[in-house]
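*Asks:* Just dropping this structure here.
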Amino acid sequence: MGQNTNKFVFAKEVDEIITIHVSITEFLKAGGEFTLFSKDTRNVLGRWKVSIGLSGQAEVPIKVPIKNMQFSVLVWQLLTCSTNPSLDDGAIRIEFSQGDKTCKQSVLTEANLANIAPCIFRNPTSYKDAITFVIKKDLPKE
């Protein structure tokens with residue numbers, strides 16, 4: 001998973017859902033799945049598929065009560081290919097928001113990908129990673 005770094009996303013204990021925002025480099029396409037596990041990773045709290053087309057962006061609302069998300073682990077695998085045969089590198093970024101506010105992360109969740117095959121070859125590049133949710137009553141002021 002990613003660079004083997006513990007990653008955390010911080011959210012507030014309120015009734016607003018958390019949304020995953022995925023963005024990719026122009027001329028790339030991606031698809032995959034996000035799975036949210038309970039803190040002991042034994043139970044699946046939710047699973048969402050995502051497809052990112054030429055717009056380069058997708059949003060995935062996490063429809064799980066915030067009270068159930070403390071120390072839950074979101075795991076994903078995204079498969080990427082290039083719609084332009086001359087483009088074989090690019091980036092994927094994962095961000096989170098709650099309501100109209102961006103959630104802080106301990107480490108940026110992004111990957112720079114190389115040797116991305118054209119989509120016509122049906123040999124996508126994989127990006128796997130995970131992040132743990134920390135839910136707090138009050139978040140530090142910026």
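Computed from the coordinates by the stated procedures, all read-outs in this text should not be read as laboratory data. None of the values given here were measured: they were computed from a predicted structure. Heads up, the Cβs are rebuilt from the backbone with ideal geometry, glycines too, and the neighbour counts pull from every protein chain shown.
*Asks:* To the nearest 20 debye, what charge dipole does the chain have about its Cα centre, counting +1 at the Cβ of each Lys and Arg and -1 at the Cβ of each Asp and Glu? Don't skip to the answer; put the middle values down first.
*Replies:* On the way: 17 positive and 15 negative charges, 95 e Å.
Result for the chain is approximately 460 debye, rounded to the nearest 20.
*Asks:* Moving on to the next point. For the range 50-106, run through the chymotrypsin sites (Phe, Trp or Tyr not before Pro) and keep only the ones in DSSP coil with at most 15 other Cβ atoms within 10 Å of their Cβ. Mind dumping the intermediate values first?
*Replies:* On the way: sites: 71, 76, 96; in loops: 71.
Those satisfying the criteria are 71.
*Asks:* Just one of (i) 16.9, 62; (ii) 15.5, 49; (iii) 22.4, 66 is Rg and Dmax of the Cα atoms in Å as worked out from the coordinates here. Which one is it?
*Replies:* The calculated read-out lines up with (ii).
*Asks:* Additional query: Sticking with the crude label model, points 7 Å out along Cα→Cβ, report the distance from residue 122 to residue 40 in nm, one decimal please.
*Replies:* Distance between label points: 4.2 nm.
*Asks:* Pick out, in residue order, every one of the trypsin sites (Lys or Arg not before Pro) in the range 1-95 that is DSSP loop and has at most 13 other C-beta atoms within 10 Å; say none if there are none.
*Replies:* Numbers: sites: 7, 12, 29, 39, 42, 47, 49, 63, 67, 93; in loops: 7, 39, 42, 63.
Within the range 1-95, the qualifying trypsin sites (Lys or Arg not before Pro) (loop, at most 13 other Cβ atoms within 10 Å) are 42, 63.
*Asks:* What FRET efficiency, computed as 1/(1 + (r/R0)^6) with R0 = 30 Å and r the Cβ-Cβ distance, is obtained for residue 59 and residue 88, rounded to the nearest 0.05? Let's see the in-between values first.
*Replies:* Working: r = 27 Å, r/R0 = 0.90.
Calculated transfer efficiency: 0.65.
*Asks:* Give me the one-decimal nm value for the distance between modelled label points at residue 70 and residue 106, 7 Å along each residue's Cα-to-Cβ direction.
*Replies:* About 1.7 nm, to one decimal.
*Asks:* Which entries in the list 29/67; 29/128; 29/137 go over 27 Å, if you measure between the two C-alpha atoms of each? Could the numbers behind the result be given before it?
*Replies:* Values: 29/67 34 Å; 29/128 16 Å; 29/137 37 Å.
The pairs that break the limit, which is 27 Å between Cα atoms, are 29/67; 29/137.
*Asks:* To continue, here is another question. Could you tell me which of 113, 57, 44 has its Cα farthest along the dipole of the range 8-135 towards the positive end, charges placed at Cβ (Lys, Arg +1; Asp, Glu -1), taken about the Cα centre?
*Replies:* 44
*Asks:* Still on this structure, I have one more. Please get the size of the charge dipole for the range 8-56, origin at its Cα centre, with Cβ charges of +1 on Lys and Arg and -1 on Asp and Glu, quoted in debye to the nearest 20.
*Replies:* Numbers: 6 positive and 6 negative charges, 44 e Å.
Dipole size: approximately 220 debye.
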